[in-house]
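Notes follow once the structure below has been shown.
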There are 4 protein chains.
Amino acid sequence: MIIVMKKGASAKQVSGVVARVESLGYRVHLSAGEERTIIGVIGDDRPIDRTHFDLLDGVEKTVPILKPFKMASRDMHPQDTIVSLDGVKIGGPQIVIMAGPCSVETREQIVETALAVKEAGAQVLRGGAFKPRSSPYSFQGLGEEGLELLAAAREASGLPFVTEVMSPEQVPLVTRYADMLQIGARNMQNYALLQAVGKVSCPVLLKRGMMSTIEELLMSAEYILSSGNPRVALCERGIRTFEKYTRNTTDINAIPVIKEMSHLPVILDPSHGTGKWEYVTAVARAGIAAGADGLIIEVHPHPEEAWSDGAQSLKPERFAQLVTQVRKIAEDVGRC
Amino acid sequence: MIIVMKKGASAKQVSGVVARVESLGYRVHLSAGEERTIIGVIGDDRPIDRTHFDLLDGVEKTVPILKPFKMASRDMHPQDTIVSLDGVKIGGPQIVIMAGPCSVETREQIVETALAVKEAGAQVLRGGAFKPRSSPYSFQGLGEEGLELLAAAREASGLPFVTEVMSPEQVPLVTRYADMLQIGARNMQNYALLQAVGKVSCPVLLKRGMMSTIEELLMSAEYILSSGNPRVALCERGIRTFEKYTRNTTDINAIPVIKEMSHLPVILDPSHGTGKWEYVTAVARAGIAAGADGLIIEVHPHPEEAWSDGAQSLKPERFAQLVTQVRKIAEDVGRC
Amino acid sequence: MIIVMKKGASAKQVSGVVARVESLGYRVHLSAGEERTIIGVIGDDRPIDRTHFDLLDGVEKTVPILKPFKMASRDMHPQDTIVSLDGVKIGGPQIVIMAGPCSVETREQIVETALAVKEAGAQVLRGGAFKPRSSPYSFQGLGEEGLELLAAAREASGLPFVTEVMSPEQVPLVTRYADMLQIGARNMQNYALLQAVGKVSCPVLLKRGMMSTIEELLMSAEYILSSGNPRVALCERGIRTFEKYTRNTTDINAIPVIKEMSHLPVILDPSHGTGKWEYVTAVARAGIAAGADGLIIEVHPHPEEAWSDGAQSLKPERFAQLVTQVRKIAEDVGRC
Amino acid sequence: MIIVMKKGASAKQVSGVVARVESLGYRVHLSAGEERTIIGVIGDDRPIDRTHFDLLDGVEKTVPILKPFKMASRDMHPQDTIVSLDGVKIGGPQIVIMAGPCSVETREQIVETALAVKEAGAQVLRGGAFKPRSSPYSFQGLGEEGLELLAAAREASGLPFVTEVMSPEQVPLVTRYADMLQIGARNMQNYALLQAVGKVSCPVLLKRGMMSTIEELLMSAEYILSSGNPRVALCERGIRTFEKYTRNTTDINAIPVIKEMSHLPVILDPSHGTGKWEYVTAVARAGIAAGADGLIIEVHPHPEEAWSDGAQSLKPERFAQLVTQVRKIAEDVGRC
């Protein structure tokens, strides 16, 4: 980190700061500019809270130099991580498409959807058994019964499934059924939950919070990685902005940014990213063109009867068109 | 809710929508405009997902008419709610000031702070034993030992205390010690946690998420209220915007908005709202002038040595000045 | 528009609102719900300020039903508009690529760039002669000399050029030289300027403000269209959000949204959308995959010596790779 | 500025950067850390574009140390600036209250309002003759006739007036009538306009753009100051965020931040800051409590008939209550 002294800071103030830095085991490098003296801290200072220095006499501000994440960083782990679930490899040459309904509703619904998305070319089934809803009066998911229905759909279709886990105490239950655990956007900074999924060996799909920075997403991945679970895939699902014509703003920039900074695979969720089925296919194509390792898409056989998120769900036939279009683009960017 | 049909929607499409609405037990009111036909749904339609209708043939969009919260609304509960903890009444004529360090660090630190803030005029002690930190490498709080130290500081000072609870399984432990449970901003939509604190009788201070609308805050309060705990106070603590000179943007508008829409008391947190101690006193005054029922302020005897949030912590003597200034403004707005 | 009365509004309040609506020449449709009475206004009410009704006794709120733009809307003009400049057709089957430096600096720089981008496959040259800069101490552009150099580069390369105009009084001068006028993001709501370019026949590239909604962009287009100039192309260039790793957040959703709502062509600017050359190619591919009608890209022969925006400028050889990749994706989406 | 080299940058890359910095007339200070080499640039480097260095071989990023504004900074001008118009002193001990309608509509309306707000305690009249409207179909202001009516209201009431100027060519006309020129939020970065008002001697009220940072506001003030006009007052009028219950989010933090960084006076506009008259008085009180030098408030004798912004306009009697409440708080913070 760099510590910038105020204009006119005294020699005594400067030496006070230097003494403090050295007392913490770091060396310093002093640079007396025309307007400001600057103190460089030499060593890995990420464990120190910068605000300790912000408050010392004569300090104007501190500036971090190192990125705060380590295990999630490509600096530490240059080659791409591949997360495998039941033979499906996320982060390898092949684009992985996950699809299914927002909520598991009935056995017929989930089995029918699983067969349809498999037929259309999906490799992973998605579906929620525990649903975080902003209203306590909305449908909250079928719970364990939903997990059982997902398992039945897996058996019928051969597709592994990903499903959301909402609290640390649900982790053992959901892990018993699921092939991949999803951490939803609202729980991206639920650290107790991150630590709990960091202690199992099941792969994790970590969704970006709707108003979280890319850096915070990587720090949340760091929680899981540093707790012992290296099988993490990230998911960009749109952020909250002032724009009102769409439910969220898909941060397409995040795809190349994350690919550059981290070795973890990145999945795009254009269903939440747009919130309207009419725009899902266009944004799915964009995600693959930008370099995403896969997609997660809401598909429902009868969106107008869906118990949640119908407006952003594709019917199976439209989903099949999406897959065809996306696979062509995947080839253009050297994937399959 | 109102269902707006597309320009040129056919009579068949209109009657299809009407049939669907009626099948759900509601009546309709049809209005054929020059450009659009509009279908009003008569009855309390909050339990239905609007997207069911968005997807019907010929529908352009749906517009909600009722606010989604009920128990948190002043419509249902016109008089102000007063939340009492150990004799301190939040939401009554007197402004309530909560103060203390971000984190509990040592017995000396928390007892010294408790005595100092009491002397300066605070009525409630704050301090974190479980700390949600964006980095897994940062100090995560003392845990139960921190709760014991808070209890010791309560005994020494006579001040009740509020402290954060981060997961459902911590609720019994924290409830055993604390006078008020804090739900932090990052957990505002951790629904498992909201339901857990909704099942105890301890008062709850619910902080607004940095990415959450006022409506979502009131919906999260609704989770607690509808789970059985009516003792909820809300806290505005700044939202995330594009502005970079401050850590967050204090949403001062939220104070009069919440007071109009809800009967629940509102506390302002200018420490997180600004992120810099230099601005805390000015924004604290603003909060009381705008009608807040109280303040929660970070105070540390030695901010430059604080284990977290030092940059936004006031020294006890500055905090005492803040209290004096704020009490004068409280009188101007008819409080004490 | 729909007028929602407060819970318990009296019959007298309702009839007062009805009388007011009718006095303005509209008919009403009354719908008495269980909780609220709703008054539909029948007719094209876009010229009326809704707030007139918001303030009437007993009114809770008003809700607009019609979109506020007309000439920019696909409702009024279903087929795609094609904007031609000197033989280049924006909005037709072929993707149009505009490229060149942020600022015109020297004759050599602009002529060399024009020849290089033409060689790589660009159809339009871009370059700024009048530069809006946030600091008065930064380079403000060469002014008319820059226009002359652009004209020289056009002669040398055969490429028509687009360049920014910053104030109404510059319009005659810039129109004398340029093939297309650019309205920059900071001027999207400079209505005097919009009206001025609406009165000439030169094509206009209207960039979205970094703080503007899609609806506001279409309303600004409406200013130009309704002033008499139908030759308008829109440009998505990234919006301002809380994310810090990129200069702006490219709103990729805006591409399919605008294509659905409006007949005007849409160009993507991934250079400003990301702010870093490393991410420009990935986001350019995404834009074409999402359905954009073209791209505008900053290219400089020596970015490290550019007088502005070097960090987001591509070198000609990287730009050539971008064009190759983008043309492949164009084919996949049925373009060329 | 500080230039951070990439991990593992070679000695040759470092010396290349050093040579480049020195070639521009600056000295350097080298600091070789454990993970990164850092190069400090010594001297006032604000005129150089940092991106020149960002692109040099081996550079990871650059970090500015100096704030980009000079004349607007308290560093250069420690004492408060007082802007006087016709005897009213903005920025001195007395709080200045500006009030009047959004738009000038008729002689009766503006004269009646001027007399009413004067009676209630306002010192400056406000009113728009040229109106920036997002729709070309909305009322655009009376133009010069509006200026004449404002002058008539001034004569009747004795109050000086502030009114908006929207383009450089309007500056001579508006200056002929007005006591203070307003630059509206949408024009905060209309640099041609800033330079035009920088060349007259009339005081300027510069409103913050709805999605502009405080730094950008101060840079826009710098344009006016550096063009030769030192009589600038700033205005916080709410920023655009994701919150939907209010029209904008009043950035109350901006008040103490600007007072610390700049010597220019700051006025708060709670009418635009909230967008609803119900919240204006509470937020006006908050602004004065936070240290604002004054307020600008929309007042209309018949808000329900206002031609624009009726929803956020106070009736004269409510405005009188606001003034009384605000003056009490002014005393508490040592103003009058």
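Name every residue in segment A:68-100 that is within 14 Å of chain B (Cβ to nearest Cβ) and either over 20 Å from D:Ala9 (Cβ atoms) or within 18 Å of the chain's Cα centre (by Cα) (or both), in order of residue number. Quick ask: steps written out before the conclusion?
Applying the first criterion (within 14 Å of chain B (Cβ to nearest Cβ)) to segment A:68-100 yields A:68-73, A:76.
The answer is A:Pro68, A:Phe69, A:Lys70, A:Met71, A:Ala72, A:Ser73.
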Members of segment C:23-51 found to be more than 17 Å from B:Val28 (Cβ to Cβ), in contact (Cβ under 8 Å) with a residue 12 or more places away in the chain and part of a loop (DSSP other than H, G, I, E, B), listed by number: C:Leu24, C:Gly25, C:Tyr26, C:Gly43, C:Asp44, C:Asp45, C:Arg46, C:Ile48, C:Arg50
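Can you pull out every residue in segment C:274-286 that is facing another protein chain (nearest Cβ under 7 Å) and buried (at least 24 other Cβ atoms within 10 Å of the Cβ)? Spell out how you get there, then give the answer.
Step one: filter segment C:274-286 for residues facing another protein chain (nearest Cβ under 7 Å), giving C:274, C:278-279, C:282-283, C:285-286.
Within segment C:274-286, C:Thr274, C:Tyr279, C:Ala282, C:Val283, C:Arg285, C:Ala286 qualify.
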Close pairs from segment C:59-84: first within 18 Å of C:Ile214 (Cα to Cα), partner hydrophobic (A, V, I, L, M, F, W, C) and surrounded by fewer than 17 Cβ atoms within 10 Å (Cβ to Cβ), Cβ under 6 Å, at least 6 apart: C:Lys70/C:Met76
Inter-residue pairs, beta-carbon under 6 Å, first more than 10 Å from chain D (Cβ to nearest Cβ) and free of Cβ contacts under 8 Å to residues at least 60 places away in the same chain and in segment B:313-335, second in a helix (DSSP H, G or I) and surrounded by fewer than 21 Cβ atoms within 10 Å (Cβ to Cβ), 6+ apart: none
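Give the residues of segment C:323-333 that are part of a helix (DSSP H, G or I) and under 15 Å from A:Ala286 (Cα atoms), sorted by residue number. Working first, answer last.
As a first pass, look at segment C:323-333 and keep what is part of a helix (DSSP H, G or I): C:323-332.
Result: C:Gln325, C:Val326, C:Arg327, C:Lys328, C:Ile329, C:Ala330, C:Glu331, C:Asp332.
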Qualifying residue in segment C:101-111 (condition: part of a strand (DSSP E or B) and either assigned by TED's automatic domain parsing to the domain that holds C:Pro301 or within 22 Å of the chain's Cα centre (by Cα) (or both)): yes
Matching residues, segment C:289-300, being within 7 Å of chain A (Cβ to nearest Cβ) and crowded, with 24+ Cβ neighbours inside 10 Å: C:Ala289, C:Ala290
Restricting segment B:245-262 to residues that are more than 7 Å from every other protein chain (Cβ to nearest Cβ) and closer than 21 Å to B:Lys276 by Cβ, the residue that is surrounded by the most Cβ atoms within 10 Å (Cβ to Cβ): B:Ala254
Criterion violated by C:Leu173 - all others in (1) within 30 Å of B:Tyr245 (Cβ to Cβ); (2) surrounded by fewer than 22 Cβ atoms within 10 Å (Cβ to Cβ) satisfied: (1)
Failed condition for A:Gln94, given (1) closer than 19 Å to A:Leu149 by Cα; (2) in contact with a Cys (Cβ under 6 Å, 6 or more places away or on another chain): (1)
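Return yes when D:Gln182 is within 13 Å of another protein chain (Cβ to nearest Cβ), buried (at least 24 other Cβ atoms within 10 Å of the Cβ) and either of a type in the set (Phe, Trp, Tyr) or not in a helix (DSSP H, G or I) (or both) and no when it is not.
no
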Residue tally, condition touching a helix residue (DSSP H, G or I) at 6+ places or on another chain (Cβ under 7 Å) and free of Cβ contacts under 8 Å to residues at least 24 places away in the same chain, over segment C:105-135: 2
Residue match in segment A:100-116 (condition: in contact with a Phe, Trp or Tyr (Cβ under 6 Å, 6 or more places away or on another chain), more than 29 Å from B:Pro132 (Cβ to Cβ) and not acidic (Asp, Glu)): no
Meets criteria (surrounded by 15 or more Cβ atoms within 10 Å (Cβ to Cβ) and part of a loop (DSSP other than H, G, I, E, B)) for B:Leu115: no
Residue in segment D:302-312 that is among the hydrophobic types (A, V, I, L, M, F, W, C), surrounded by 23 or more Cβ atoms within 10 Å (Cβ to Cβ), under 23 Å from D:Leu85 (Cα atoms) and away from chain B (no Cβ under 14 Å) present: no
Subset of segment C:68-104 (residues that are buried (at least 23 other Cβ atoms within 10 Å of the Cβ) and out of contact with any Pro (no Cβ under 8 Å at 6 or more places or on another chain)): C:Phe69, C:Ala72, C:Ile95, C:Ile97, C:Met98, C:Ala99, C:Gly100, C:Pro101, C:Cys102, C:Ser103, C:Val104
Tabulated pairs, segment C:136-157, first in a loop (DSSP other than H, G, I, E, B), second exposed (fewer than 15 other Cβ atoms within 10 Å of the Cβ) and at pLDDT below 95, C-beta under 8 angstrom, 6+ apart or interchain: C:Tyr137/D:Pro47; C:Ser138/D:Pro47
Residues (within 25 Å of the chain's Cα centre (by Cα) and free of Cβ contacts under 8 Å to residues at least 40 places away in the same chain) located in segment A:288-309: A:Ala290
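Across segment B:1-22, which residue is nearest to B:Asp44 (Cα to Cα) among those that are assigned to a loop (DSSP other than H, G, I, E, B) and not polar (S, T, N, Q)? Give the derivation first.
Taking segment B:1-22 as the starting set, the residues that turn out to be assigned to a loop (DSSP other than H, G, I, E, B) are B:1, B:6-10.
Retained after the next criterion (residues that are not polar (S, T, N, Q)): B:1, B:6-9.
On the way: B:Met1: 9, B:Lys6: 24, B:Lys7: 27, B:Gly8: 29, B:Ala9: 26 Å.
By that ranking, first place goes to B:Met1.
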Residues (modelled with pLDDT of 95 or more, away from chain A (no Cβ under 11 Å) and more than 17 Å from B:Thr175 (Cα to Cα)) located in segment B:196-244: B:Lys207, B:Arg208, B:Ile214, B:Leu234, B:Cys235, B:Glu236, B:Arg237, B:Gly238, B:Glu243
Entirely in segment B:234-296, the helices (runs of 4 or more DSSP H) that have 1 or more residues that are among the basic types (Lys, Arg): B:254-261, B:277-290
Considering residues of segment B:13-55 that are within 9 Å of another protein chain (Cβ to nearest Cβ), modelled with pLDDT under 85 and over 22 Å from C:Ile39 (Cα atoms) only, the residue surrounded by the fewest Cβ atoms within 10 Å (Cβ to Cβ): B:Pro47
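The values are calculated or read from the model by the stated rules, or taken from the named source; none is laboratory data. Predicted model only: the values in this text are computed from it and were never measured. In this analysis, Cβ positions are derived from the backbone assuming ideal geometry, glycine residues included, and neighbour counts consider all displayed protein chains.
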